[in-house]
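Taken together, the values in this text are just the output of simple stated rules run on the coordinates, not laboratory data. Computed from a predicted structure; not experimentally measured. Here the Cβ is made from the backbone with ideal geometry for all residues, glycine too, and neighbour counts use every protein chain on show.
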Amino acid sequence: MLHIARLTKRYGALPLLDVHDFLLEGATAYVLTGMNGAGKSTLLRVLAGLAPAEVQDAAFDGVPVRLEPYPPALRRAIVYVHQHPVMFSTSVADNIGYGLRARGVPRAEAAQAVEEAMDWAGVLHLRRHKPATLSGGEKQRVALARAKVLQPRLLLLDEPTASLDGEAREQVLALIPTLTHAGSTVVMACHDRDLINLPGVQRLKLRDGRIESR
Amino acid sequence: MTLLDAVVQAFHLLLTGDPVLWRIVWVSLSTSILGLAIAAPLAVLGGYAIAMSQFRGRRIVIWLVQAALSLPTVLIGLLLYMMLSRHGPMGGLQWLFSQPGIVVGQVIIALPVLLAFTLAAVQAADPRLAETAIAHGASSWRVMATLLFEVRFGVMAAVISGFGRVISEVGCAMMVGGNIAGETRTITTAIALETSKGEFAQGIALGLVLVAIALAMNGALMVLQGDAHAARGRA
């Protein structure tokens, strides 16, 4: 689905990423591991068009693309979720429908999609709540619903279970496999053993700026 | 006249609807609100653009905006007077000693306040807000609308501060407006004139109106902010 022949990223004179021949398959879950500061979040941000990098010969569905300027086709296909997702100060339902409104989806169709996404994430009862009143786990599930409702081809999740524990973490872990079943490719930067050991998840390790498949 | 007599007479003027006094209040409010209505969209857009962009000379622009905050209004009045006077580059407009002239002055006075406050509010916003909007497919305009909505209390504070600055300034309104009774006499120029004549009652009455306006504006902001805090606090 997404192939990048070479991706390099520097901070000043310091090289951070030097990724060669990076390929993501469709409807597959990947975990991206690596030491703190290895560049996991940076790589996801580059793929999401939120950080610049030098990219040579990238292709999406076999069609050559550039990441700068970030093409609308990738913007529609790829959604990024922060490690600590930030919510807009409207309602939960309004947050989940944000991307649909941005894409001009008709109101009735958007409302239906938002209901389904809230149901999927188990946050139907929170629809009118302000996000500031939500727990960390609830926020993460709302953020996942906000991303999933856009039916992304590629979903980039930065440490989706970080700072979650107990039931909240279990609930988020249970949602991940359903994303790939729905047809999305999911790349998760993480340290979470349970996430790494989820069945069917491909492992990628970022070491010295390069990606090793494991 | 004792101070007490002046205060009693001030309340009498206010409560009996003295037409001269309320005309002065109307001139002040209408020119200030119009000036603010013109300046606010420009400044909010400008503040957002400066906060979100990286360009050569950005720090110099911010420095100039912040320096303009402390520009004496009498200096703005002097410059505007020269521009609007018969032989000035804008003399053909015939706006000197007129309400449109005062409005132009109010716009120039309000712009730096609104710009600086909006800039500060947008810069203080969580950078993930704009990224989240972008990552979910928002256009540049929608990102801006989203971010300005998220920092709306900062923008409201900017507007209220801008209003406070324009309605309370005296130097520019005096020089450009000319303090013409019933035409360009504002609250502040009237207070200055009445005080110089030793007529304190009208000055006190107008001062009370200014205080009431300040209390009402800031009270409204506090209520709105209070609602937002209460919403955050509801679990």
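Quick notes on this one:
- Other residues within the sphere of radius under 15 Å centred on the Cβ of A:LEU16, judged by their own Cβ, net out at +4 (K and R +1, D and E -1).
- Packing, as the average of other Cβ atoms within 10 Å across residues, places the peptides B:70-78, B:199-207, B:26-34 in the order B:199-207, B:26-34, B:70-78, highest first.
- Estimated from helical segments only, the mean residue ellipticity of the protein assembly as shown at 222 nm is -18000 deg cm²/dmol, where each DSSP H run of four or more residues counts as -39500 (n - 2.57).
- Lysine pairs with alpha-carbon atoms under 18 Å apart, the protein assembly as shown, spacing 8 or more or separate chains: 5
- Note on the protein assembly as shown: dipole from Cβ charges, positive end direction compared against A:ALA102, B:VAL170, A:ALA48; the farthest Cα belongs to A:ALA48.
- Centroid-to-centroid separation of the stretch B:2-38 and the stretch B:163-220 [C-alpha atoms, Å]: 8
- Averaged over the residues of peptide B:125-132, the number of Cβ atoms from other protein chains lying within 10 Å of each residue's Cβ is 5.
- Placing +1 on the Cβ of every Lys and Arg and -1 on the Cβ of every Asp and Glu, with nothing else charged, gives the protein assembly as shown a dipole about its Cα centre of roughly 660 debye.
- Screening chain A for whole DSSP H helices with an alpha carbon extent of at least 15 angstrom along the helix axis and a mean Kyte-Doolittle hydropathy of at least 0.0 yields A:166-181.
- Cα centre as origin, Lys/Arg/Asp/Glu Cβ charges: the stretch A:12-147 dipole, Debye: 680
- Assuming charge only on the beta carbon of Lys and Arg (+1) and of Asp and Glu (-1), the dipole of the stretch A:125-204 about its Cα centre is about 440 debye to the nearest 20.
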